[in-house]
Structure formats: C-alpha cells, structure tokens
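Here the structure is laid out as structure tokens; the discussion comes afterwards.
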Amino acid sequence: MEELETIFNEISEELTKANSVREKILTLSRLAIQKSSVAIKHLHRGDLQKAESLISENKDLIVEINELSNQMEQVRFGMILACNQEYAEAVFLHSFLTQKPFPTYTDLQIPYLGYIHGITDFVGELRRVVLDSLRKEDNIEIVVNALELMDDLYTLLLTIDFPDSLTYNLRKKTDFVRNLTERTRGDVTLALNRLQLVETFKEILEHKSTKDNS
C-alpha cells in the first residue's frame, strides 16, 4: 500500500497544478467573453475603433488561454480514457493476484487520470474475486486481503478532491466504490457467519454420531 500512497500523492500534486491553471483559464475566459460581447455591441453601434481595440486585447487573451490549456493535456483526453483505464484495471488485477507491487502510471506509460479511473474499476474486480472465493469456500485469506484493499483504495480515492471537470466525474465513481465496498463487506460477513454455522452443525452431527455408536 505504501507505493500506492506515494502514487496518489503524486497525482494530487499534478491535479493541484492543473487546478491552478484551470482557475486562471476560467478567469481569463470570463474576461475574454466580456470583451467579445462589448466589442460586438460597439460593432453594431458603428464604433469600429473601440471594437477593434477590444478585439486586439482579446487576441492576446485567447493566445494566453490556449497556451495555458496546453499545460492541461493530461486532463483533456476523454476520447481515450476508456482504453487507458481498462488497461490499468487489468494490470492492477494481475498485480493483486500475483502479489506483485502496483506499478505507477509512469511505469504503465498512461495518463494519471487513466490510472486513477482504472483503480475505481479495479475495485469491481476485487469484489468479483471475493464473491468467487466465497462461493468456492477455498481461500478465505484472499477474501480478507481483497476486502482490506477495497477499503484502502476507497480511502485513497477520497484524497483526490478536485472539480469534476479535472477528474472526469471521479467523485461519482468514488461513491460507487464506497457502495461496492459496503455491499461486499456485508456479503463477506453473511458468508463467514454461514460457514461458521456449517462448521457448528458438522460438530454437532459428529458428536451425535459418536454418541449413538457408543
């Protein structure tokens, strides 16, 4: 888990930088929109000199906005988000099942948002591991490890607290992770209680059989 905490800290730092750029872009965008609106009014009134002055000022603003936007390339890749997060999800599941350290987004050569969204989807795969193991009743240890990891990942996801426009609705997926983790914990509790009850019945039947034979 220590490596994941370090990775999440790095992602938070990157998003903090991106959020600072975003705030500046929003401020400049509002100013640019205002100048354009006023310029249009002057054009309709026939005051070309004032309009041209505003348009000239706006050109500088637009250039600055677009230059700043280029610094946010990591958070502007919605079209390819799905393939990145699916790849990350598969790698995470492999790491868990083989008990290997989780790679960083740099190791995987994917954007950090693809990485973080892959984490949220990975939690769903952990639930599947838990349910399959409970059904087979063959590996309680992996059930415990998976559930603990689901809890830890949810805690880490809560640390990524940034606007949805930066994270592609990560908050909604984090809420889903919480619900999935709670449901899984309930399933595990019921299953373990049932298994305990089965063991108790076995002990009673064995004791009764021994008593009848004596």
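For the stretch 1-76, what is Rg from Cα atoms divided by 2.2 N^0.38 Å, rounded to two decimals? Can you show the working numbers first?
Values: Rg = 18.6 Å, N = 76, 2.2 N^0.38 = 11.4 Å.
Cα Rg divided by the expected 2.2 N^0.38 Å: 1.63.
For the chain, find the longest principal axis of its Cα atoms and tell me its angle to the long axis of helix 2-45, 0 to 90°, nearest 10.
30
Just to verify a number: FRET efficiency for Asn193 and Thr155, C-beta to C-beta distance, R0 = 25 Å, to 0.05? Don't skip to the end; give the middle numbers.
Numbers: r = 26 Å, r/R0 = 1.03.
The pair Asn193/Thr155 has a calculated efficiency of 0.45.
Mind checking the angle between helix 81-97 and the chain's longest principal axis? C-alpha axes, 0 to 90 degrees, to the nearest 10.
So the inclination is approximately 30 degrees.
What does the charge count around His42 come to, taking other residues whose C-beta lies under 10 Å from its C-beta (Lys +1, Arg +1, Asp -1, Glu -1)? Kindly include the intermediate steps, with their values, before the conclusion.
On the way: positive: Lys41, Arg45, Lys50; negative: Asp47, Glu52.
Net charge around His42: +1.
Using 1/(1 + (r/R0)^6) with R0 = 22 angstrom and r between the beta carbons of Ile40 and Ser69, what's the FRET efficiency to the nearest 0.05? Walk me through the numbers before you get to the answer.
Details: r = 23 Å, r/R0 = 1.07.
Approximately 0.40, to the nearest 0.05.
Could you give each residue of the stretch 110-118 its phi-based ³J(HN,Hα) in whole Hz, using Karplus coefficients 6.51, -1.76, 1.60 with θ = phi - 60°, and x for Gly or Pro?
So the J values, rounded to whole Hz, are 10, x, 5, 6, x, 5, 5, 6, x.
Which of the GluC sites (Glu not before Pro) found in the stretch 105-205 are in a DSSP loop and have at most 14 neighbouring Cβ atoms, other than their own, within 10 Å? Kindly include the intermediate steps, with their values, before the conclusion.
Details: sites: Glu125, Glu137, Glu141, Glu148, Glu182, Glu199, Glu203; in loops: Glu137.
Filter output for the stretch 105-205: Glu137.
Taking the Cα centre of the stretch 1-65 as origin, work out the dipole magnitude from +1 charges on Lys and Arg Cβ and -1 charges on Asp and Glu Cβ, in debye rounded to 20. Each step should come with its number before you reach the end.
Details: 9 positive and 12 negative charges, 186 e Å.
About 900 debye.
What whole-number volume per residue, in cubic angstrom, does the convex hull of the C-alpha atoms of the stretch 84-173 give? Mind showing how you got there, number by number?
Working: hull volume 8.1 nm³, N = 90.
Roughly 90 Å³ of hull volume per residue.
So what's the angle, to the nearest 10 degrees on a 0 to 90 scale, between helix 140-158 and the longest Cα principal axis of the chain?
The angle comes out near 20 degrees.
What nm distance separates the two modelled labels at Asn139 and Thr6, each placed 7 Å from Cα along Cα→Cβ?
Label-label distance for Asn139 and Thr6, simple model: 2.7 nm.
Give me log10 I(q)/I(0) at q = 0.10 Å⁻¹ for the chain, Debye formula, one equal scatterer per alpha-carbon, no solvent.
-0.62
Computed from the coordinates by the stated procedures, all read-outs in this text should not be read as laboratory data. Quantities reported herein were computed from a predicted structural model and do not represent experimental measurements. Glycine gets a Cβ as well: all are built from the backbone with ideal geometry, and neighbour counts include every protein chain shown.
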